[in-house]
Structure formats: C-alpha cells, structure tokens
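Working notes for the structure below.
The values are calculated or read from the model by the stated rules, or taken from the named source; none is laboratory data. On a predicted model such as this, the values are computed, not experimentally measured, just so you know. Heads up, the Cβs are rebuilt from the backbone with ideal geometry, glycines too, and the neighbour counts pull from every protein chain shown.
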C-alpha cells in the first residue's frame, strides 16, 4: 500500500511525535484535536522541540492542523488514520465508531495506546473493521 495521506487524531506527545515523523518522510499528515488551537500548539512544539523532531524545519510543510468537529471529513480519503487520544476506552470507542463510519474501505486504522489490550480496544468493532485495525502498546499484561 502506498501511503499518500495520514490523519492523526490526538496532538499530545505521541500524536505530535507520530505526525512529525510522517513529515520527515514527506507524507502529508493532518493533525486533529478537540480544538484547532490545540493542534496549532502541537505544531509549534514540533518546530521548537529539543532534540528536534524534524530532520529539517521545512518538513513542517507536510503538516496541516484542524479539529475533529470541522475537519473530520479528512478521514474519508486518508490511507492511514492514527488514533492517539487520551487513555479512556469510552473516548477511544467513540472515535473508532466515527472513523470506521467515515473512512475509505481500504484504509488502515491504528491506535497508539500504552496499556489497553487489543481485545478491549477492538471489542465494539465489526469483524470486517477488525481486519484493518492495528495497534501498538508499550506494556502488555500477561
């Protein structure tokens, strides 16, 4: 699959870091949060980060910002949608429903989470949606 557009939902430390590395790879990325102002501040943090998140400052041209109310439509033509919201399962389930209702059929949806098991993250997804869902966790319980 050729990734031509990514939407990252959640502009905290992980979401903004993921967005920065996509910029480094010259992949257009849209960083969404509850308010555009939050995403704009994340963009500023990316530019000012020490050590730098960007290989070159001009890579920031690959990043657009917005909010999940006005700019969620971007999910519909993204090749990859990354969820990096707060570690609350109710919020994650809500955002997954919105993503899977809006996304294009062959897109990939992934979650960046630290402690929530895949079984819990995906419990409300339809079987066909689970086939396009990936996640990465820092900690895995036995």
With the structure loaded, tell me whether residue 13 is surrounded by fewer than 13 Cβ atoms within 10 Å (Cβ to Cβ) and within 13 Å of the chain's Cα centre (by Cα) or whether it fails that test. yes
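Here are 104, 64, 59, 43: which of them is at pLDDT 95 or above, closer than 18 Å to residue 5 by Cα and part of a loop (DSSP other than H, G, I, E, B)? Let's see the steps before the verdict.
Values: 64 fails: part of a loop (DSSP other than H, G, I, E, B); 59 fails: part of a loop (DSSP other than H, G, I, E, B); 43 fails: part of a loop (DSSP other than H, G, I, E, B).
Checking each option against the conditions leaves just 104.
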Counting only residues in the range 78-107 that are without any contact (Cβ under 8 Å) to a residue 12 or more places away in the chain and surrounded by 13 or more Cβ atoms within 10 Å (Cβ to Cβ), the one farthest from residue 18 (Cα to Cα) is identified as 94
ask   = Hey, does the range 2-14 have a residue that's in contact with a helix residue (DSSP H, G or I) (Cβ under 6 Å, 6 or more places away or on another chain) and part of a helix (DSSP H, G or I)?
value = no
- Item | Filter pass, residue 75 being surrounded by 18 or more Cβ atoms within 10 Å (Cβ to Cβ), touching a residue at least 12 places away in the same chain (Cβ under 8 Å), touching a strand residue (DSSP E or B) at 6+ places or on another chain (Cβ under 6 Å) and not in a strand (DSSP E or B) | yes
